[in-house]
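Peer 1: One structure is given below, represented as structure tokens, and several questions about it will come after.
The values are calculated or read from the model by the stated rules, or taken from the named source; none is laboratory data. Note that the structure is a prediction, hence the values are computed from the model and not measured. In this analysis, Cβ positions are derived from the backbone assuming ideal geometry, glycine residues included, and neighbour counts consider all displayed protein chains.
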Amino acid sequence: MTGQQEPHVTERIRALRKRAGYSMDALARALGYRAASGYQRYESQEHYHKPYLPTDLVHRLLEILVGRGQPPVTQTEVLELAGLANMAPVGEPVFEVPIISWVQAGQLTETIEPSDFSDAQAHVVVPYRRESLFALEVRGGSMNRVAPGGSLIVVDYYDQEPVDGKCYIFRVGGETTFKRFRASPARLEPDSTEPGHDTIFPQDGVEILGRVIRVIISNP
């Protein structure tokens, strides 16, 4: 309708949550967040430079919300959130993600500064559109069950809330590493078939540079 503003994605997700009968705390727990604040930002317009939802969050919302409520939440309604959040519909590859550097899946290495993605000379194609994505080449074997050396990982720079069991790029003391986060106790774990890779028990100064949302393994 002319002159009528479309509801913001945060308003849409809030409405679907309430219709499905979830409190914010309950939905946060169902999504695997340690605290409601990890999910709450997705219902806060102030959080976004642009409307934004992580791809795996949309997939989990499909599993949790669809079919609940009166009238029942539909798959189309949840997928519309992805469109409103500047993501392409699931389907064909449509967006080039810049490969900005490499990361050591082993020892800590020099810091990565993904503040300016425009200088990248190489790109990888993914099936969703988002400006917060960058890609890294993996070196080393401490995460070879997830991403063998030589593969590419796509990282979401905006997705920095730690969730138990998810993989992230961490900055520790000014250097970076690729590891899986474990919450209790807080630690950065390798996930490898190779022996000898240490778990990192960070104290202060740990920063998450983004969650790994996609692995692209090179053909032999």
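Peer 1: Do the conditions hold for V154, that is, is it over 10 Å from the mean Cα position of the chain (by Cα) and either surrounded by 19 or more Cβ atoms within 10 Å (Cβ to Cβ) or more than 19 Å from A183 (Cβ to Cβ) (or both)?
Peer 2: It is false that V154 is over 10 Å from the mean Cα position of the chain (by Cα) and either surrounded by 19 or more Cβ atoms within 10 Å (Cβ to Cβ) or more than 19 Å from A183 (Cβ to Cβ) (or both).
Peer 1: Go through (1) at pLDDT below 90; (2) within 16 Å of L136 (Cβ to Cβ) one by one and return the number of the condition F178 breaks.
Peer 2: In the conditions (1) at pLDDT below 90; (2) within 16 Å of L136 (Cβ to Cβ), F178 misses (1) alone.
Peer 1: If you don't mind, there's one more thing I want to ask. For segment 1-75, please list each of the helices (runs of 4 or more DSSP H) lying entirely inside it that holds at least 2 residues being at pLDDT below 75.
Peer 2: Result: 55-65.
Peer 1: Filtering segment 139-168 down to residues that are aliphatic (A, V, I, L, M) and out of contact with any helix residue (DSSP H, G or I) (no Cβ under 9 Å at 6 or more places or on another chain), which residue is nearest to R187 (Cα to Cα)?
Peer 2: M143
Peer 1: Taking strands (runs of 3 or more DSSP E) that fall entirely within segment 130-220, which contain at least 2 residues that are basic (K, R) and in contact with a strand residue (DSSP E or B) (Cβ under 7 Å, 6 or more places away or on another chain)?
Peer 2: Passing ranges, in order: 175-183, 206-216.
Peer 1: Moving on to the next point. Before we move on, is G173 over 19 Å from Y33 (Cβ atoms), surrounded by fewer than 16 Cβ atoms within 10 Å (Cβ to Cβ) and at pLDDT 85 or above?
Peer 2: Judged against the criteria, G173 is not a match.
Peer 1: Taking segment 181-212 as the region of interest, how many residues are surrounded by 15 or more Cβ atoms within 10 Å (Cβ to Cβ) and either among the hydroxyl-bearing types (S, T, Y) or not assigned by TED's automatic domain parsing to the domain that holds G106 (or both)?
Peer 2: 1
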